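The values are calculated or read from the model by the stated rules, or taken from the named source; none is laboratory data. Worth saying up front: this structure is predicted, and the values here are computed from it rather than measured. Cβ placement follows ideal geometry from the backbone for every residue including glycine, while neighbour counts extend to all protein chains displayed.
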């Protein structure tokens with residue numbers, strides 16, 4: 001009976017959206033024994049996302065959000081599980097929005113490409129999808145319920161993909177685990193900087209950041225580096241050479257010392273790191289990885 005009710009909802013939803021290309025999201029909705037959908041799934045697009053997350057839609061739109069499907073399930077015990085599956089278009093944007101909403105102190109678990117449990121919520125990413133699962137009135141079974149739904153959804157994703165490869169360029173020494181973030185636009189608050197990765201570090205009681213900007217090609221990196229130098233032209237302290245790469249040391253009111261250089265189709269740098277020997281060492285390790293990845 002439960003399965004037939006579930007199938008009825010899916011058929012109705014499929015009839016509404018099959019011709020608009022939404023079946024890939026529909027196929028991710030789990031079927032778990034003992035749980036019934038409260039109603040047919042809802043779907044949202046960039047133009048009406050605010051109807052679902054009023055006040056929070058803009059940050060998703062800034063990562064080129066594509067669509068969201070959401071559905072609520074209930075069981076005989078009165079527990080409720082709400083599933084949200086955000087299609088972010090590609091793995092970078094998916095990681096980006098996820099990275100802004102997570103905390104390094106969260107309870108991380110092995111699910112999808114990355115995920116964590118926070119109280120009655122489980123968030124994870126897999127491929128281009130950012131999945132949020134919230135449990136209500138679940139009592140002592142909350143973790144089991146969350147994991148059952150998460151595993152079922154994860155199993156339905158055919159091409160799992162992986163985390164963005166650029167994350168592998170960050171050195172592990174001093175890295176605050178799970179502090180990495182990706183900014184699609186306005187990196188460092190500058191509208192000409194795009195596709196910026198940033199990670200937080202702590203070494204010798206110093207908190208600072210390393211960043212890697214992924215450009216379309218070497219010319220794009222050259223242009224972006226030039227704009228960055230021009231933006232800080234009145235704050236340039238000196239030029240430093242690292243492995244024959246010309247690096248620029250900037251003094252900034254907010255970022256304190258900034259050291260950056262162009263390498264291939266990337267811009268690499270440090271923020272808020274006063275120790276220049278340490279900055280050069282860490283940037284060198286990134287440059288070596290970039291050179292070895294031909």
Quiz prompt | Residues of the stretch 247-284 classified as assigned to a helix (DSSP H, G or I) and either at pLDDT below 95 or farther than 17 Å from residue 167 by Cβ (or both), total | solution = 7
Quiz item: So, in the stretch 39-82, of the ones that are loosely packed, with under 12 Cβ neighbours inside 10 Å and not in a loop (DSSP other than H, G, I, E, B), which residue ends up nearest to the chain's Cα centre (by Cα)?
Solution: 58
Quiz prompt | Test result for residue 161, in contact (Cβ under 8 Å) with a residue 60 or more places away in the chain, in contact with a helix residue (DSSP H, G or I) (Cβ under 8 Å, 6 or more places away or on another chain) and either closer than 19 Å to residue 178 by Cβ or crowded, with 16+ Cβ neighbours inside 10 Å (or both) | solution = yes
Self-check item: Matching residues, the stretch 159-172, being in a loop (DSSP other than H, G, I, E, B), at pLDDT 95 or above and in contact with a strand residue (DSSP E or B) (Cβ under 9 Å, 6 or more places away or on another chain)
Solution: 163, 164, 170, 171
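So that you can scan it fast, the table gives a plain yes or no per residue for (1) in contact with a helix residue (DSSP H, G or I) (Cβ under 8 Å, 6 or more places away or on another chain); (2) modelled with pLDDT of 95 or more; (3) within 30 Å of residue 33 (Cβ to Cβ); (4) surrounded by 17 or more Cβ atoms within 10 Å (Cβ to Cβ):
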site	(1), (2), (3), (4)
192	yes, yes, no, no
195	yes, yes, no, yes
201	yes, yes, no, yes
212	yes, yes, no, yes
239	no, no, no, no
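Taking the stretch 115-158, which residues are in a loop (DSSP other than H, G, I, E, B) and free of Cβ contacts under 8 Å to residues at least 40 places away in the same chain?
Across the stretch 115-158, the qualifying residues are 119, 120, 127, 158.
Determine whether residue 149 is out of contact with any helix residue (DSSP H, G or I) (no Cβ under 7 Å at 6 or more places or on another chain), under 22 Å from residue 24 (Cα atoms) and crowded, with 19+ Cβ neighbours inside 10 Å. Steps first, answer last, please.
Numbers: out of contact with any helix residue (DSSP H, G or I) (no Cβ under 7 Å at 6 or more places or on another chain): yes; under 22 Å from residue 24 (Cα atoms): yes; crowded, with 19+ Cβ neighbours inside 10 Å: yes.
Criteria met by residue 149.
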Practice problem: Of the conditions (1) crowded, with 19+ Cβ neighbours inside 10 Å; (2) under 22 Å from residue 33 (Cα atoms), residue 137 clears all except one; give me its number. | Solution: (1)
Quiz item: Taking the stretch 256-272 on its own, how many of its residues are in contact (Cβ under 8 Å) with a residue 40 or more places away in the chain and more than 26 Å from residue 219 (Cα to Cα)?
Solution: 1
Quiz item: So which of 96, 112 is buried (at least 18 other Cβ atoms within 10 Å of the Cβ), in a loop (DSSP other than H, G, I, E, B) and not assigned by TED's automatic domain parsing to the domain that holds residue 212?
Solution: 112
